[in-house]
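Notes to accompany the following structure.
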Amino acid sequence: MAIKYVEKLTTILVTESGNPLFYEGNIIEGAKSLTKQVTISLDVDRCSVWLYNDNKTSIICQQLYVKLEDTWYQDIELHKKDYELYFKALLIDPIIVAEDALTHPATSCFTDSYLTPLGIKSMLDVPIIYRGKTIGVICLENLTSRYWLKPEIDFVQMLAALYSFAYSVKNNKTV
C-alpha cells in the first residue's frame, strides 16, 4: 500500500507541475489549486499558504482551504510578537512536524487562540524558499492526531518548490 500511495503522490506532483497557473505566475489562483489538491491528496482537513511580510514580523495567509466547508480564506495575519516560539522555530528548522500540535514546542503557542477553538490536533509546516531565503510556509492541519509520513513531507516540500517557481515568475513579470 505504501508504494501505491507514493505513486499517487508522484502522479499528483507531475500533474500539478503542469498547472498553467504556476507558469503564468498567478500565485493567488495557484495557491487555491495547490491547497485543495494537497487537502484531497493527503486526506487532511486544512491546507494553507502563508508568506512573510517584508520585515518578517508576521505571516499573512494567501490561501487557506478548509475541506469540511469546501471554502478558502485569505488575509489572516499572525504576528511574531504573539507567537514567538513558532517564529523562532521557523528560523531554526523551517520544517515543523507536530503530530501533537498542542504540546509541540513550536506550535503549542497556538493552543488557546487557534488549535483548541478549531479542533486542530496535528500540523505540518514546510518552508517556501525563494532565492535561498524562506519567504513563507505551506501548513497542513488535521483535526485528528496524525503521524506525518516521510513521503508526505517530501511531497509538500516539492509543492512548496512549485509555489516558489510561480512566485519567481510573478516577481519577474513585475520587474
Next item on the list: Kindly provide the set of residues from segment 116-132 that are touching a Ser or Thr at 6+ places or on another chain (Cβ under 7 Å) and closer than 13 Å to I96 by Cβ, ordered by number.
Entry: S122, M123, P127
Checklist line | Enumeration of residues in segment 112-139 that are surrounded by 17 or more Cβ atoms within 10 Å (Cβ to Cβ), outside any strand (DSSP E or B) and of a type in the set (D, E, K, R) | finding: K121
Notebook entry, point to check: Among the residues of segment 140-150, is there at least one that is open to solvent by 80 Å² or more (accessible area, probe 1.4 Å), assigned to a loop (DSSP other than H, G, I, E, B) and under 19 Å from S41 (Cβ atoms)?
Noted result: yes
Item checked: segment 55-72: number of residues that are part of a loop (DSSP other than H, G, I, E, B), closer than 14 Å to G136 by Cα and open to solvent by less than 80 Å² (accessible area, probe 1.4 Å) -> 2
Next item on the list: Six or more apart or on different chains, Cβ under 7 Å: which pairs go from a residue in segment 123-143 that's over 15 Å from A166 (Cα atoms) and charged (D, E, K, R) to one that's part of a strand (DSSP E or B) and open to solvent by 10 Å² or more (accessible area, probe 1.4 Å)? Could you list them?
Entry: E141/R46
Next item on the list: Take the residues in segment 88-109 that are at pLDDT below 95 and in a helix (DSSP H, G or I), then tell me which one is surrounded by the most Cβ atoms within 10 Å (Cβ to Cβ).
Entry: L90
Next item on the list: Exactly one condition in (1) within 30 Å of E7 (Cβ to Cβ); (2) open to solvent by less than 40 Å² (accessible area, probe 1.4 Å) is not met by D43; state its number.
Entry: (2)
Margin query: Would you confirm, using the coordinates I've provided, whether K36 is assigned to a helix (DSSP H, G or I), of a type outside the set (A, V, I, L, M), modelled with pLDDT of 80 or more and farther than 21 Å from K67 by Cα?
Written below: no
Margin query: Please pick out the residue among D154, D75 that is farther than 29 Å from K4 by Cα, surrounded by fewer than 16 Cβ atoms within 10 Å (Cβ to Cβ) and at pLDDT below 95.
Written below: D75
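Among the residues of segment 92-109, how many are closer than 21 Å to K56 by Cα, within 16 Å of the chain's Cα centre (by Cα) and not hydroxyl-bearing (S, T, Y)? Can you show your working first?
Residues of segment 92-109 that are closer than 21 Å to K56 by Cα, as a first pass: 92-96, 105-109.
Of the ones still in play, those that are also within 16 Å of the chain's Cα centre (by Cα) are 93-96, 106-107.
Narrowing further to those that are not hydroxyl-bearing (S, T, Y): 93-96, 106.
The total comes to 5.
The values are calculated or read from the model by the stated rules, or taken from the named source; none is laboratory data. Note that this is a predicted model, so its numbers are computed, not measured. Positions of Cβ are generated from backbone atoms using ideal geometry, with glycine treated the same way; all protein chains shown enter the neighbour counts. These area figures cover heavy atoms from the full protein model, side chains too; ligands, DNA and RNA do not enter into them. Shrake-Rupley method; radii C 1.70, N 1.55, O 1.52, S 1.80 Å.
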